[in-house]
């Protein structure tokens, strides 16, 4: 196993940074771009956006992430309770989601809140689903009372293997087979290499997610390969893995 594959982080941006640090330590004149990995920077001083695209198997090997798109929003002051910055962050996140989701007018969205609601650092997913406005049942039973432009959204917080005795991926797969959503949005807490990114960074990826992988407890993958529908993963680092 290569050194890059042993990185304990869920952020593609950090995986890329780690490999670049290793290469620069060996060769000061190393190219700023890794083969098979494209980087695009955007955003503002307060909301830095980095788009990482892994385009080939070579890129997969170099940073240890599947081919696909990884969008990272870094907002260092997000924990300062600045309402204007919070709203700007929401707008930036929604714009990036629109770019990657490509929803149709009547697309059904299943939001899956991954994690353990009894453990604070792992409770992000369940907390997000509890605050969503779900509409699928309304469109089915009282469609005339729903405003135009509202898509069918449903949500589930399936818990974790230690609570349910069932692999989370198996639960999600069963629900997908039953309700047939057009896309699954999986929300999960992530692991980072840097304390400064905890609760101030958001990653969006179109490659799905492997719950627990950032802390060495990888479970069944939730992706288009296992579910048969596109999976968008949204995560926020809540824990830091100390490098050994």
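At a glance:
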{"item": "Search result, residues across the stretch 112-158 that are in a loop (DSSP other than H, G, I, E, B) and either in contact with a helix residue (DSSP H, G or I) (Cβ under 8 Å, 6 or more places away or on another chain) or crowded, with 17+ Cβ neighbours inside 10 Å (or both)", "result": "114, 115, 116, 117, 118, 123, 135, 146, 150, 152, 157, 158"}
{"item": "Pairs with Cβ under 7 Å, 6+ apart, first in the stretch 114-131 and more than 19 Å from residue 154 (Cα to Cα), second assigned to a helix (DSSP H, G or I)", "result": "116/122; 116/163"}
{"item": "Residues being surrounded by fewer than 21 Cβ atoms within 10 Å (Cβ to Cβ) and either at pLDDT 95 or above or in contact with a strand residue (DSSP E or B) (Cβ under 6 Å, 6 or more places away or on another chain) (or both) - total across the stretch 209-223", "result": "1"}
{"item": "Test: residue in the stretch 159-171 that is touching a strand residue (DSSP E or B) at 6+ places or on another chain (Cβ under 6 Å) and surrounded by 14 or more Cβ atoms within 10 Å (Cβ to Cβ)", "result": "yes"}
{"item": "Residue 104 surrounded by fewer than 17 Cβ atoms within 10 Å (Cβ to Cβ) and part of a loop (DSSP other than H, G, I, E, B)", "result": "yes"}
{"item": "Close pairs from the stretch 93-108: first closer than 21 Å to residue 176 by Cα, partner in a loop (DSSP other than H, G, I, E, B) and modelled with pLDDT under 90, Cβ under 9 Å, at least 6 apart", "result": "105/149"}
{"item": "Residues of the stretch 96-121 satisfying the condition of being within 16 Å of the chain's Cα centre (by Cα) and more than 28 Å from residue 43 (Cβ to Cβ)", "result": "110"}
{"item": "Single unsatisfied condition, residue 81 versus (1) without any contact (Cβ under 8 Å) to a residue 24 or more places away in the chain; (2) on the phi > 0 side of the Ramachandran plot; (3) in contact with a helix residue (DSSP H, G or I) (Cβ under 8 Å, 6 or more places away or on another chain)", "result": "(3)"}
{"item": "Meets criteria (within 22 Å of residue 223 (Cα to Cα) and at pLDDT 85 or above) for residue 94", "result": "yes"}
{"item": "Number of the condition not met by residue 234 [criteria: (1) at pLDDT 95 or above; (2) farther than 29 Å from residue 77 by Cα; (3) outside any helix (DSSP H, G or I)]", "result": "(2)"}
{"item": "Candidate set: the stretch 47-75, residues that are assigned to a loop (DSSP other than H, G, I, E, B) and modelled with pLDDT under 95; chosen: the one farthest from residue 236 (Cα to Cα)", "result": "56"}
{"item": "Any hit, the stretch 178-191, residues being more than 16 Å from the chain's Cα centre (by Cα), surrounded by 18 or more Cβ atoms within 10 Å (Cβ to Cβ) and modelled with pLDDT of 95 or more", "result": "yes"}
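The values are calculated or read from the model by the stated rules, or taken from the named source; none is laboratory data. Bear in mind the structure is a predicted one, so any value in this text is a computation, not a measurement. In this analysis, Cβ positions are derived from the backbone assuming ideal geometry, glycine residues included, and neighbour counts consider all displayed protein chains.
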